[in-house]
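This report concerns only the one structure given below.
What follows draws every value from the coordinates through simple rules; no lab data is involved. Since this is a predicted model, take the numbers as computed values, not measurements. Cβ sites come from the backbone with ideal geometry, for glycine too, and all protein chains shown count toward neighbours.
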Amino acid sequence: MQREAEGITCEVAWATPASQYLEVITVPSGTTVLGALEASGLCSKVNELCSVPMETLTLGIFGEHVKSPSDQVVRQGERIEVYRPLQVDPKQARRARARRKV
């Protein structure tokens, strides 16, 4: 109970094949996923995200997509993940691999 009075500790993660970003932050109780992302400062630290509006980013918690990051409240110990857009549709990639095997 004491920890919640001090704030909620969570992680914010972003990764590319070349680099990784992981920061542990403490936010006030009741902070949303989008609020925690903003508090982390990730969007100002990562060049790829500087020009992208935060509301358009795809976010998740421990690999589960967050449908409404501006409404969902962060809980103690959660890891907020910022997802990069897919370069290739997985279904199309599978079809292309199948065609090459024939």
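Checking each residue in segment 75-92 for being within 12 Å of the chain's Cα centre (by Cα) and in contact (Cβ under 8 Å) with a residue 40 or more places away in the chain picks out Glu78, Arg79, Ile80, Glu81, Val82, Arg84. Among the residues making up segment 41-74, a single one is without any contact (Cβ under 8 Å) to a residue 24 or more places away in the chain, of a type in the set (Asp, Glu) and farther than 21 Å from Gln20 by Cα: Glu55.
Quick grid of which residues meet (1) in contact with a Pro (Cβ under 7 Å, 6 or more places away or on another chain); (2) within 19 Å of Leu42 (Cα to Cα); (3) surrounded by 10 or more Cβ atoms within 10 Å (Cβ to Cβ); (4) not acidic (Asp, Glu):
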{"residue": "Pro53", "(1), (2), (3), (4)": "no, yes, no, yes"}
{"residue": "Lys67", "(1), (2), (3), (4)": "no, no, no, yes"}
{"residue": "Val73", "(1), (2), (3), (4)": "no, yes, yes, yes"}
{"residue": "Gly77", "(1), (2), (3), (4)": "no, yes, yes, yes"}
{"residue": "Gln87", "(1), (2), (3), (4)": "no, no, no, yes"}
{"residue": "Pro90", "(1), (2), (3), (4)": "no, no, no, yes"}
{"residue": "Ala93", "(1), (2), (3), (4)": "no, no, yes, yes"}
{"residue": "Arg100", "(1), (2), (3), (4)": "no, no, no, yes"}
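Filtering segment 4-44 to residues that are assigned to a strand (DSSP E or B), closer than 12 Å to Ile80 by Cα and not aliphatic (A, V, I, L, M) leaves Thr9, Cys10, Glu11, Trp14, Tyr21, Glu23, Thr32. In segment 13-30 there is no residue matching the filter, namely being of a type in the set (Val, Ile, Thr), buried (at least 18 other Cβ atoms within 10 Å of the Cβ) and under 10 Å from the mean Cα position of the chain (by Cα).
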